[in-house]
Amino acid sequence: MAKKPAAKTTSKAKSKATGQNPLQAAWIGPYEVPPFGLIEIEHFRPAFDEALTQHNAEIAAIAGSKAKPNFTNTIEALERAGRLLKRVRAVFWSRAGAHTNDAIQAIEREMAPRMAAHSSAITSNAALFARIDDLHARRDKMKLTAEQRRVLERTHRAFVRAGAKLNAKGKARMGEIKQRLAALGTGFGQNVLADEKSYELPLPAKADRAGLPDFLIAAAASAARERGSKASHVVTLSRSLIEPFLTFSTRRDLREQAWKAWIKRGDNGGETDNWAGVAETLKLRGEQAQLLGYKNFAAFKLDDTMAKTPQAVRDLLERVWTPARAKALVERDKLQAFAAREGANITIEPWDWRHYSDKVRRAEYAIDEAEIKPYLALDNVLAAAFATAERLFGLRVVEVHGLPLLHPDVRAFEVADAKGRHVGLFLGDYFARASKRSGAWMSGLRGQEKLAGDIRPIITNTCNFAKAPDGSPTLLSMDDARTLFHEFGHALHGLLSDVKYPSLAGTSVSRDFVELPSQLYEHWLTTPELLSEFARHHETGEAMPGELIDRIRAAGTFNQGFATVEFLASAIADIDFHDAPAGVDPKAREAETLARIGMPREIVMRHRTPHFAHVFSGDGYSSGYYSYMWSEVLDADAFAAFQETGDVFNQKVAQRLKKYVYAAGGSREEEAAYKGFRGRLPAVEGLLRKRGLDKAA
């Protein structure tokens with residue numbers, strides 16, 4: 001178990017003197033965190049080399065064993081293997097995503113195909129698969145626990161889906177495809193980051209900052225300092241900076257410039273253009289699926305999800321699209337009418353939507369983002385997220401200092417249960433910087449397990465909030481606050497994990513179930529119980545007025561036509577890309593999709609194809625972007641389980657939620673897990689009500 005010893009980590013001087021690679025040594029400091037203060041870039045390549053050598057030897061020993069296959073000498077042995085590689089990989093990809101540079105990116109380009117080749121060599125090892133296949137065939141005759149059976153079945157399925165049953169030629173080609181896809185995914189992400197890093201909209205004159213509230217002016221000044229810009233204030237392509245700029249700026253010409261740069265990431269020609277890489281990726285994914293006997297990549301990918309088929313995904317998306325589009329068109333007409341009443345002789349364009357939507361919301365609900373943000377200081381929102389975890393699950397979250405962390409902005413928190421027992425370490429990395437890829441995500445530096453002792457997790461949340469100047473609190477928008485709650489919901493999925501086997505821990509569930517714990521957690525943010533206690537003005541300390549809370553909640557479904565349409569357009573395009581013959585032209589396919597669904601001209605896909613990192617920077621969400629909405633059907637119903645009791649922190653419901661969702665990892669089939677919590681599966685009507693799409697706009 002990871003304790004919290006008082007001893008400090010070895011000094012960098014001692015590490016250099018001994019010549020020891022800190023990535024290969026045991027992590028013995030407080031909470032056994034990686035020794036980031038000792039790790040140099042030159043440590044990564046030799047650490048990967050040694051870790052791969054060790055893992056290859058472990059796999060060879062398992063595959064070459066003369067003993068009859070049993071669960072211990074085959075499946076458990078696989079679960080134990082590769083521990084050094086997991087450690088090195090976790091540290092490296094944490095650095096590559098959150099604090100990269102040219103040297104790290106060069107290693108990333110080298111290691112992505114190497115890791116893919118390594119994985120392919122394991123899953124194409126005929127002797128190893130023969131042992132797994134033998135155990136799988138005898139699983140009903142073996143005395144396995146439910147968790148052991150689940151590990152065996154998932155391991156067998158993973159090998160089959162990776163091509164273990166292909167002939168030698170097929171295995172070789174599958175290996176080539178995976179290596180090339182890994183390289184393409186790495187290049188895609190690096191191109192998007194390059195476009196984001198290279199762009200800034202300078203706002204040197206007061207007139208350039210017309211309409212911007214004080215918090216946004218301060219954030220623009222902070223961004224300029226962080227980038228070393230010649231301008232006093234800049235707008236970057238960080239969502240937490242550009243979205244409020246598009247909302248508040250009264251300079252329509254500058255809104256247009258910023259918006260066009262935002263949607264053109266990965267689509268600017270030259271070395272960072274992603275269209276050719278997307279086309280090759282789609283072609284290779286199609287070939288991969290056909291090698292495995294599937295009609296197309298969507299059919300292959302979805303076969304291992306709750307949805308199961310592309311048609312099931314389309315049924316959900318199309319069910320929601322029709323009312324969402326209708327509501328978006330009504331919203332557009334309101335914006336156009338409002339602009340006309342103000343005397344603006346314009347036709348609403350995409351760069352106008354957020355600006356006039358905010359004005360309409362203020363007119364209809366007296367809601368002003370600038371009025372809300374002073375009550376949502378980052379520390380207050382964190383306290384609310386932690387308090388929710390305490391009230392639901394009995395967790396205590398306390399900040400700790402003095403640990404070696406990836407970047408000075410990273411904060412560390414010990415998570416303990418109600419009896420004071422260590423649950424895990426939580427790391428929060430919240431501010432945008434040029435060395436960090438955009439978006440928000442949860443990752444793990446160490447996962448929970450009980451196979452090698454009571455191993456407690458180290459979980460990280462990474463976000464891209466606009467940092468306030470030194471000495472001032474960072475103020476979040478309501479969307480930022482939701483993002484924080486969302487990612488902490490993912491973090492709890494990792495922290496509360498309570499399984500034996502590493503491959504089942506935490507977020508090791510199907511893609512369309514993994515968003516349930518995160519999206520469900522968002523619901524507590526806007527409960528009166530949380531807002532009245534933690535939404536306090538950063539200057540006066542006064543609680544958010546009850547009438548403002550009422551207005552926020554009343555406006556909960558405002559602009560949901562727009563929000564749903566921009567999301568659905570990306571999700572439908574994702575399915576259309578992959579539910580198609582190999583070799584489809586992505587530009588033509590995107591255009592065909594948007595024309596077919598009747599995409600409103602004034603709204604753009606939330607993620608246009610050339611910067612759709614969920615889908616093309618790796619295949620984590622390929623054919624799976626719909627999963628946010630699939631999970632939203634679940635989360636709307638799951639929160640209703642609390643509401644039905646009259647207590648959103650009802651302990652009986654919370655304990656079922658912890659047992660069957662947050663702590664269970666992948667130890668159960670996802671449908672069984674949800675039914676264990678709720679007693680049944682939900683219907684889509686709950687989602688429609690949540691988004692206000694169940695009635696006329």
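The values are calculated or read from the model by the stated rules, or taken from the named source; none is laboratory data. Remember, predicted model here, so these are calculated numbers, not experimental data. Cβ coordinates were reconstructed from backbone atoms using ideal geometry, including for glycine residues, and neighbour counts include every protein chain displayed.
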> If we scan the range 649-658, do we find a residue that is within 18 Å of Thr564 (Cβ to Cβ) and either touching a strand residue (DSSP E or B) at 6+ places or on another chain (Cβ under 9 Å) or without any contact (Cβ under 8 Å) to a residue 12 or more places away in the chain (or both)?
Replying inline: no
>> Kindly evaluate Phe426 against the criterion of being more than 24 Å from Arg87 (Cα to Cα), touching a Phe, Trp or Tyr at 6+ places or on another chain (Cβ under 7 Å) and modelled with pLDDT of 95 or more.
In response: no
> Just checking, which of Thr53, Thr100, Thr72 is out of contact with any Pro (no Cβ under 9 Å at 6 or more places or on another chain), over 26 Å from Ala452 (Cβ atoms) and modelled with pLDDT of 95 or more?
Replying inline: Thr100
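Let's see how each residue does on (1) acidic (Asp, Glu); (2) closer than 27 Å to Asn167 by Cβ; (3) outside any helix (DSSP H, G or I):
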{"residue": "Thr250", "(1), (2), (3)": "no, no, yes"}
{"residue": "Ala276", "(1), (2), (3)": "no, no, no"}
{"residue": "Ala299", "(1), (2), (3)": "no, yes, no"}
{"residue": "Thr305", "(1), (2), (3)": "no, no, yes"}
{"residue": "Thr322", "(1), (2), (3)": "no, no, no"}
{"residue": "Arg325", "(1), (2), (3)": "no, no, no"}
{"residue": "Ala328", "(1), (2), (3)": "no, no, no"}
{"residue": "Leu335", "(1), (2), (3)": "no, no, no"}
{"residue": "Ile346", "(1), (2), (3)": "no, no, yes"}
>> Please pick out the residue among Ser503, Ser497 that is hydroxyl-bearing (Ser, Thr, Tyr) and either surrounded by fewer than 22 Cβ atoms within 10 Å (Cβ to Cβ) or within 16 Å of the chain's Cα centre (by Cα) (or both).
In response: Ser503
> Would you say Phe92 is buried (at least 20 other Cβ atoms within 10 Å of the Cβ), within 23 Å of Gly447 (Cα to Cα) and not aliphatic (A, V, I, L, M)?
Replying inline: yes
>> Here is a check on your reading of the model: is Gly394 touching a residue at least 60 places away in the same chain (Cβ under 8 Å) and at positive phi?
In response: no
> When you go through Ile597, Ile575 one by one, which is the residue that is under 27 Å from Lys327 (Cβ atoms), touching a residue at least 60 places away in the same chain (Cβ under 8 Å) and over 25 Å from the mean Cα position of the chain (by Cα)?
Replying inline: Ile597
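Touching a residue at least 60 places away in the same chain (Cβ under 8 Å), at negative phi and outside any helix (DSSP H, G or I): does that describe Ala580?
yes
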> Looking at Ala106, Ala162, Ala112, which one is more than 29 Å from Lys467 (Cβ to Cβ) and without any contact (Cβ under 8 Å) to a residue 60 or more places away in the chain?
Replying inline: Ala162
> What are the pairs, 6+ residues apart or on separate chains, where a residue within the range 202-213 that is at negative phi and part of a helix (DSSP H, G or I) has its Cβ under 9 Å from a residue that is surrounded by 14 or more Cβ atoms within 10 Å (Cβ to Cβ) and among the charged types (D, E, K, R)?
Replying inline: Ala207/Arg251; Asp208/Arg251; Arg209/Arg251
> Could we say that Asp409 is surrounded by fewer than 22 Cβ atoms within 10 Å (Cβ to Cβ) and farther than 20 Å from Glu226 by Cα here?
Replying inline: no
> How about the range 646-691: which of its residues are in contact with a helix residue (DSSP H, G or I) (Cβ under 6 Å, 6 or more places away or on another chain) and not in a helix (DSSP H, G or I)?
Replying inline: Val648, Phe649, Asn650, Ala664, Gly665, Gly666, Ser667, Pro682, Val684, Arg691
>> Can you say whether Arg354 is among the charged types (D, E, K, R) and either within 30 Å of Ala96 (Cβ to Cβ) or in contact (Cβ under 8 Å) with a residue 12 or more places away in the chain (or both), as far as the supplied structure shows?
In response: yes
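Which members of the range 430-447 meet the condition of being basic (Lys, Arg) and under 27 Å from Ser229 (Cβ atoms)?
From the range 430-447, those basic (Lys, Arg) are 433, 436-437, 446; that's our starting set.
Listed by number, the residues that qualify are Arg433, Lys436, Arg437.
This table checks each residue for (1) charged (D, E, K, R); (2) assigned to a helix (DSSP H, G or I); (3) at positive phi.
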position	(1), (2), (3)
Ala121	no, yes, no
Ile132	no, yes, no
Leu152	no, yes, no
Arg157	yes, yes, no
Gly163	no, no, yes
Leu166	no, no, no
Glu176	yes, yes, no
Gly185	no, yes, no
>> For the range 660-686, give me the residue count where each residue is of a type outside the set (Val, Ile, Thr), under 17 Å from Phe642 (Cβ atoms) and touching a residue at least 12 places away in the same chain (Cβ under 8 Å).
In response: 8
> Under the condition of being under 18 Å from the mean Cα position of the chain (by Cα) and surrounded by fewer than 23 Cβ atoms within 10 Å (Cβ to Cβ), which residue from the range 464-484 is farthest from Leu427 (Cα to Cα)?
Replying inline: Asp479
> Out of Ala363, Ala385, which single residue is small (Gly, Ala, Ser), within 28 Å of Ile455 (Cβ to Cβ) and part of a helix (DSSP H, G or I)?
Replying inline: Ala385
> Taking the condition within 30 Å of Gly428 (Cα to Cα), in a helix (DSSP H, G or I) and without any contact (Cβ under 8 Å) to a residue 60 or more places away in the chain, does His136 pass?
Replying inline: no
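In the range 638-680, which residue that is basic (Lys, Arg) and surrounded by fewer than 16 Cβ atoms within 10 Å (Cβ to Cβ) is nearest to Gln448 (Cα to Cα)?
Among them, the one singled out is Lys659.
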> Residue check: is Phe386 surrounded by fewer than 21 Cβ atoms within 10 Å (Cβ to Cβ) and hydrophobic (A, V, I, L, M, F, W, C)?
Replying inline: yes
